[in-house]
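Below is one structure; the comments refer to it alone.
The values are calculated or read from the model by the stated rules, or taken from the named source; none is laboratory data. No experiment lies behind these values; they were computed from the predicted model shown. Glycine also receives a Cβ, built like all others from the backbone with ideal geometry; neighbour counts cover every protein chain displayed.
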Amino acid sequence: MIVKNPINPNTNKIQQNISKEAWGRIQEQQAKDTMEKQKYGEVRPIIHTNFQGNKVVAVGNRLYLSKSWKTFPDFLSGYIQEVLGTDWGNSEIAKPFEERHIILKWYDGFCHFQNQHERDENGLFAAVPNGITAAYLTLAYDLYILRHHSALQERIIQRLKHKDQFQGARYELFVIATCIRAGFDIKYEDESDRKRKHTEFIATHRNTGQTITVEAKSRHRAGILGFGKAKESEVVKAGIGSLLNQALLKPVNWPYVIFIDLNLPPYKGKIIQQTWFKEIVKTIDQIGNGSKTEPDPFNLIVFTNHPNHYVKENELYPNYDTSSIFPENTKIFIKHSETLLKIHEAALQFGNIPNEFPEN
């Protein structure tokens, strides 16, 4: 005997309501995902859970846990200590303040910033970060992005810990994180090969397959980020001519992207009114205008300025500058030129750090 299930006369209506509700939730999630990408780029989602009173966070193939992490910046503060090594950090803290590595000076300022704010009943507070706090957390977040995408090399960690190599390593870290945010996978050049000049790394766009080669240059300035002694009457100049020429001497086989850190103090007024901006324009013009007979040797130059380290502890983090040059006539043709725009947009996303752990 075959027994048929009774048919609910409202089945179609119920299915329609479920479908409408489900589709609404899907659209909400899609809109949320789009907003996340616009703010943070093409980075992998934060993977976390709660276990026996601990917040557990997966970064790449590693797990980190703590009972004290309530926000994502809480985690970042603990994460950077694990990456750099607690023994190294403690050895730096034991030194007189002026002799410490700049990362530990930033950590000290970060702790002061936290202690200046009253927490609510959940142990949380909300505040706009100062320059030192922004410098510390953006460093930690870039380190997180690289490890979460299997791109963090021990080489760059060690360079960060050397005072005389920190500035270049920090900027290279930013450039790698920017390309990851733009949707690229990273392949490093062989640093042990001293027989030839080469760029920092090769990057391949995950969606289009477009491959580029990338170089990072950071402008040293006396008395800044541990470089030499400060000069009281130094005139502020861009001074990027030699950096750009060095970058252009590198042999390249792929479309070429050059990042240049201006390392300039914060300024007032519009960027086009600054004397150093006019200097940059003049430097680029001297290279050439990129004609069909003499095409430009680069496909994109990204100029950035993140002057967190210039401001005092009681000052809010300053504005960041990002300006890019997209030449029309280039030596190496790029099939998917839209990926260059993605890089520019990703550079603009610097400083955007999630505040909360996403809902599971």
Segment 58-74 - residue that is without any contact (Cβ under 8 Å) to a residue 24 or more places away in the chain and closer than 23 Å to Phe174 by Cβ and, of those, nearest to the chain's Cα centre (by Cα): Asp74
Tell me, which residue of segment 183-201 that is touching a residue at least 40 places away in the same chain (Cβ under 8 Å) and over 17 Å from the mean Cα position of the chain (by Cα) is surrounded by the most Cβ atoms within 10 Å (Cβ to Cβ)? Thr199
When you go through (1) under 18 Å from the mean Cα position of the chain (by Cα); (2) over 21 Å from Phe350 (Cα atoms) one by one for Asn115, which number turns out not to apply? (1)
Selection within segment 43-71 - of a type outside the set (A, V, I, L, M), touching a helix residue (DSSP H, G or I) at 6+ places or on another chain (Cβ under 9 Å) and within 16 Å of Glu356 (Cα to Cα): Arg44, Pro45, His48, Lys55, Ser66, Ser68, Trp69
Within segment 320-339, which residues are more than 18 Å from Ile260 (Cβ to Cβ) and either of a type in the set (Gly, Ala, Ser) or part of a loop (DSSP other than H, G, I, E, B) (or both)? Glu328, Asn329, Lys331, Ile332, Phe333, Ile334, Lys335, His336, Ser337
Residues that are farther than 22 Å from Lys195 by Cα and surrounded by 23 or more Cβ atoms within 10 Å (Cβ to Cβ), drawn from segment 238-257: Ala238, Pro255, Val257
Condition check: of a type in the set (A, V, I, L, M) and under 16 Å from Asn305 (Cα atoms). Does Leu173 satisfy that? yes
Would you mention how many residues in segment 311-356 are under 19 Å from the mean Cα position of the chain (by Cα) and of a type in the set (A, V, I, L, M, F, W, C)? 8
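Here's the yes/no breakdown for (1) buried (at least 21 other Cβ atoms within 10 Å of the Cβ); (2) over 30 Å from Gln210 (Cα atoms); (3) touching a residue at least 24 places away in the same chain (Cβ under 8 Å):
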site: Asn90; (1), (2), (3): no, yes, no
site: Arg100; (1), (2), (3): no, yes, no
site: Ile103; (1), (2), (3): yes, yes, yes
site: Phe125; (1), (2), (3): no, yes, no
site: Thr133; (1), (2), (3): yes, yes, yes
site: Arg181; (1), (2), (3): yes, no, yes
State which residue is farthest from Ala182 (Cα to Cα) when the search covers only segment 289-342 and only residues that are in contact (Cβ under 8 Å) with a residue 60 or more places away in the chain and of a type in the set (S, T, N, Q). Asn314
Select from segment 151-165 the residues that are in contact (Cβ under 8 Å) with a residue 12 or more places away in the chain and not in a helix (DSSP H, G or I) and write down the one among them that is nearest to Ile180 (Cα to Cα). Ala151
Within segment 301-319, which residues are in contact with a strand residue (DSSP E or B) (Cβ under 8 Å, 6 or more places away or on another chain), crowded, with 18+ Cβ neighbours inside 10 Å and assigned to a loop (DSSP other than H, G, I, E, B)? His306, Val311, Tyr317
Of the residues that sit in segment 258-274 and are modelled with pLDDT under 90 and surrounded by 12 or more Cβ atoms within 10 Å (Cβ to Cβ), which one is farthest from the chain's Cα centre (by Cα)? Gln274
Hits in segment 66-112 (condition: assigned to a helix (DSSP H, G or I) and hydroxyl-bearing (Ser, Thr, Tyr)): Ser77, Tyr79, Thr86, Ser91, Tyr107
